[in-house]
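Working notes for the structure below.
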Amino acid sequence: MNPATLDAFRAHATADYPREACGLVVVAKGRERYIACRNLATTPSEHFVLAAEDYAAAEELGEIVAVMHSHPDAPARASEGDRVACEASGLPWWIVAVVVGADGNPQAGELSCIEPSGYEAPLVGRPFHHGVLDCWSLCRDWYAREMGLVLPDPVRHDNWWDDGCSDLYTDNLAAAGFVPVDAKDIERGDLVLMQIRSRNLVPNHAGIYLGDGLLLHHMHGRLSSRDVYGGYWIENTRLIARHTER
């Protein structure tokens with residue numbers, strides 16, 4: 001990474017503070033260039049959401065060779081979400097720490113870089129980053145690792161379950177290869193859809209029934225876990241579904 005690119009990245013990171021800044025590095029005609037992008041995240045739990053239009057515009061300028069973003073008031077250490085998203089992108093990820101200096105102004109500090117290395121987040125104990133590491137991501141990872149199934153990964157914004165109209169799980173269940181089954185016939189590997197404080201009154205939380213009365217799931221704002229499937233979880237279950245290729 002050349003100094004001019006890093007300087008442009010640092011300037012963008014301080015200008016966007018206290019929000020996370022995000023951008024891309026492109027190479028065209030043998031020259032490297034930093035492209036500042038918009039972060040569309042509306043809540044901290046969304047990590048950062050790089051505008052799709054900005055990504056497309058960068059692709060038209062040249063070959064995208066790196067993703068860059070800032071960590072306001074935090075070290076330039078890759079989070080679990082950063083590591084997973086880096087793998088998905090297939091690109092190096094650069095991170096800069098931004099803190100308020102003695103003069104009261106934000107300053108870009110330490111830099112770090114991670115590259116795709118085959119990393120996979122653990123199924124239990126992963127932190128929550130909506131759209132990157134959330135309940136659906138956990139279900140996708142379990143089906144991929146345990147059954148060799150590749151499930152769709154739709155874009156999902158924070159609080160979609162409260163927008164008055166969205167019903168992402170029910171609307172996409174069949175296309176993802178699932179069919180409903182009777183709750184009394186639940187088996188290991190079945191998808192459990194629950195409704196947790198959804199103003200839309202639709203299922204907004206998913207987990208995997210592991211058998212022996214255990215549920216693998218990832219609640220908003222918590223670590224992923226294996227819990228007893230009973231009480232609260234059964235009361236809030238709205239649908240049990242089984243993949244047709246199991």
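Values quoted throughout were computed directly from the atomic coordinates according to the rules given, and no laboratory measurement underlies them. Here the structure is a predicted model, which means the values were calculated and not measured. FYI the Cβ positions are ideal-geometry reconstructions off the backbone, even for glycines, and counts take in every protein chain you see.
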(message) Along the Cα→Cβ direction, 7 angstrom out, place labels at Met219 and Arg19. What is the inter-label distance in nm?
(response) 3.1 nm
(message) Per residue, how big is the convex hull of the range 3-114 when only Cα atoms are used? Give it in Å³.
(response) 98 Å³
(request) Stick to the Cα atoms of the chain, pair each with every other, and give me the Kirkwood hydrodynamic radius in Å at one decimal. (result) 19.7 Å
(request) At 7 Å along the Cα-to-beta-carbon direction for both Ser112 and Val150, put a label point, then send me their distance in nm to one decimal. (result) 3.1 nm
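Please state the relative contact order of the range 135-243 as a whole percent: Cα pairs under 8 Å, 6+ residues apart?
On the way: 184 pairs, mean separation 32.8, N = 109.
It rounds to 30 percent for the range 135-243.
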(request) May I ask you to list the residues of the range 206-236 whose amide nitrogen lies under 15 Å from a point 7 Å from Cα along the Cα→beta-carbon direction of Ala183? (result) 207, 209, 229-236
(request) Mind telling me which of Asn39, Asn105, Asn200 comes out most flexible in a GNM of the chain, alpha-carbon contacts under 10 Å? (result) Asn105
(request) Name the long-range amide H neighbours of Val100: under 5 Å, sequence gap of 5 or more, or other chain; modelled H, no Pro or chain starts. (result) Gln107
(request) Report the FRET efficiency, 1/(1 + (r/R0)^6), for Val27 and Arg238, where r is their Cβ-Cβ distance and R0 is 30 Å, rounded to 0.05. (result) 0.05
(request) Could you list which residues have their amide H under 5 Å from that of Ala41, counting only those 5 or more apart in sequence or on another chain, with H placed in the peptide plane? (result) Val49
(message) List the residues, sorted by chain then number, that are 5 or more residues from Asp190 or on another chain and whose placed amide H is less than 5 Å from its amide H.
(response) Tyr209
(request) Choose one answer from Val179, Val202, Val155: the residue with the largest mean-square fluctuation in a GNM of the chain with alpha-carbon springs under 10 Å. (result) Val155
